[in-house]
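Heads up, the thing below is written out as structure tokens.
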Amino acid sequence: MAPAAAAATMLLLLLVALLAAPTALAGGEKIPTLVFILAGQSNMGGRGGATVGGRWDGYVPPQCAPSPRTLRLSPALQWEEAREPLHAGVDVGNVLGVGPGMPFAHAVLRSARVPKGSVVGLVPCAQGGTPIANWSRGTDLYDRMVTRARAAVAGTGGRGRLAAMLWFQGETDTIRREDALAYAGRMEAMVRDVRRDLAMPDLLVIQVGIATGQGKFVDLVRKAQRAVRVPNLRYVDAKGLPIANDYTHLTTQAQVRLGAMLAEAYLATLH
Ligand SMILES: *[C@@H]1O[C@H](CO)[C@@H](O)[C@H](O)[C@H]1NC(C)=O
């Protein structure tokens, strides 16, 4: 072989080796390939096992166990191995338990529809007790979410992409009739703004139909949720899942179910 051809072959082999290398950070952690925003209020933040006695019972079902292929964006915007409670340091001022994020990641990674070797990156952004008005463009929660989503994707060094935003919110908007009636319009505006600010006009959004509410207009908000008209929006209904005896929060087992339902909704969009 001529020297030039040999050099070119070496270069090619090196390139192939680099591309085939498992996606890993310096510390040995992997790099997410599929990034998901988790936003909303307490049922997204996770209260499974945390509704009695002011503390979390610490129970982590197998579907929520840590895995080297599931990372979370830390409050300091670093990728780290994800573990319950997933929203620690993000959903501040609240007693946190199990949410839908970990079982969602497990169910996605179990599927043959995602490429082999996929790594899920979860970007927890939820904050308990917040109405949707607190998530409109320019609010602290909105800015935090967009900042975290950008940092999350940048932190993959080009290997990962934002795959979807999972949204579970609306319980606080059941208190006042005006808020319930304004819900669909506010949700549509928020989705449009997020897509524009992240420069992802087609970003998939999966919205959870609320199962409970802090007020009496639960049915009005649920109706508004189903009336939201934006492209590329999916709907998963939490109504009927087991609720803790605070009548507000999904139990740990309910969150495991919801995580699987969200994963089904996401996987159904892949062809
Ligand atoms: C929600 O909005 C209200 C009214 O603007 C504000 O006082 C409150 O601090 C906000 N809460 C959060 C968590 O952003």
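The values are calculated or read from the model by the stated rules, or taken from the named source; none is laboratory data. Here the structure is a predicted model, which is why all the values come from computation and not from measurement. Quick reminder, even Gly has a Cβ in these numbers, built from the backbone with ideal geometry, and neighbours come from all protein chains shown.
Inspect all residues belonging to the stretch 69-87 and state whether any of them is touching a residue at least 24 places away in the same chain (Cβ under 8 Å), assigned to a strand (DSSP E or B) and polar (S, T, N, Q).
Yes.
For residues that are assigned to a loop (DSSP other than H, G, I, E, B), at pLDDT 95 or above and of a type outside the set (Ser, Thr, Tyr), tally how many sit in the stretch 32-67.
Of the residues in the stretch 32-67, 14 are assigned to a loop (DSSP other than H, G, I, E, B), at pLDDT 95 or above and of a type outside the set (Ser, Thr, Tyr).
Yes or no: the stretch 215-227 includes at least one residue that is under 30 Å from Tyr59 (Cα atoms) and surrounded by fewer than 21 Cβ atoms within 10 Å (Cβ to Cβ).
Yes.
Based on this model, can you work out whether Gly27 counts as exposed (fewer than 10 other Cβ atoms within 10 Å of the Cβ), at positive phi, in a loop (DSSP other than H, G, I, E, B) and modelled with pLDDT under 95?
The answer is no for Gly27.
How many of the residues making up the stretch 157-189 are of a type in the set (Phe, Trp, Tyr) and closer than 21 Å to Pro124 by Cα?
2
Return only the number of the condition from (1) over 25 Å from Pro75 (Cβ atoms); (2) within 16 Å of the ligand (Cβ to nearest atom); (3) of a type in the set (A, V, I, L, M, F, W, C); (4) part of a loop (DSSP other than H, G, I, E, B) that Ala182 does not satisfy.
Here Ala182 clears every test but (4).
Looking at this structure, is Gly259 under 21 Å from Pro85 (Cα atoms), in contact with a helix residue (DSSP H, G or I) (Cβ under 7 Å, 6 or more places away or on another chain) and of a type in the set (Gly, Ala, Ser)?
Yes: the conditions hold for Gly259.
Please go through the stretch 196-219 and pick out each residue that is touching a Ser or Thr at 6+ places or on another chain (Cβ under 7 Å) and among the aliphatic types (A, V, I, L, M).
Leu204, Val218
Out of the residues in the stretch 103-122 that are of a type in the set (A, V, I, L, M) and in contact with a strand residue (DSSP E or B) (Cβ under 7 Å, 6 or more places away or on another chain), which is farthest from Arg69 (Cα to Cα)?
Val114
Among the residues of the stretch 51-62, write down those that are surrounded by 14 or more Cβ atoms within 10 Å (Cβ to Cβ) and either under 13 Å from Leu38 (Cα atoms) or out of contact with any Gly (no Cβ under 7 Å at 6 or more places or on another chain) (or both).
Correct list: Thr51, Val60, Pro61.
Among the residues of the stretch 119-140, write down those that are within 9 Å of the ligand (Cβ to nearest atom), in contact (Cβ under 8 Å) with a residue 60 or more places away in the chain and surrounded by fewer than 24 Cβ atoms within 10 Å (Cβ to Cβ).
Scanning the stretch 119-140 gives Gly128, Gly129, Thr130.
Here are some residues: Val90, Val95, Val146. Which one is in a loop (DSSP other than H, G, I, E, B) and surrounded by fewer than 19 Cβ atoms within 10 Å (Cβ to Cβ)?
It is Val95.
Only one of (1) touching a residue at least 24 places away in the same chain (Cβ under 8 Å); (2) more than 16 Å from the ligand (Cβ to nearest atom) fails for Gly158. Which number is that?
Condition not satisfied by Gly158: (1).
Can you tell me which of Ala112, Ala65 is touching a helix residue (DSSP H, G or I) at 6+ places or on another chain (Cβ under 9 Å) and farther than 30 Å from Leu181 by Cα?
Answer to the selection: Ala65.
Between a first residue in the stretch 228-245 that is crowded, with 17+ Cβ neighbours inside 10 Å and a second residue that is of a type in the set (Asp, Glu) and at pLDDT 95 or above, which pairs have beta carbons less than 7 Å apart while being 6 or more apart in sequence or on different chains?
Within 7 Å, the pairs are Val228/Glu188.
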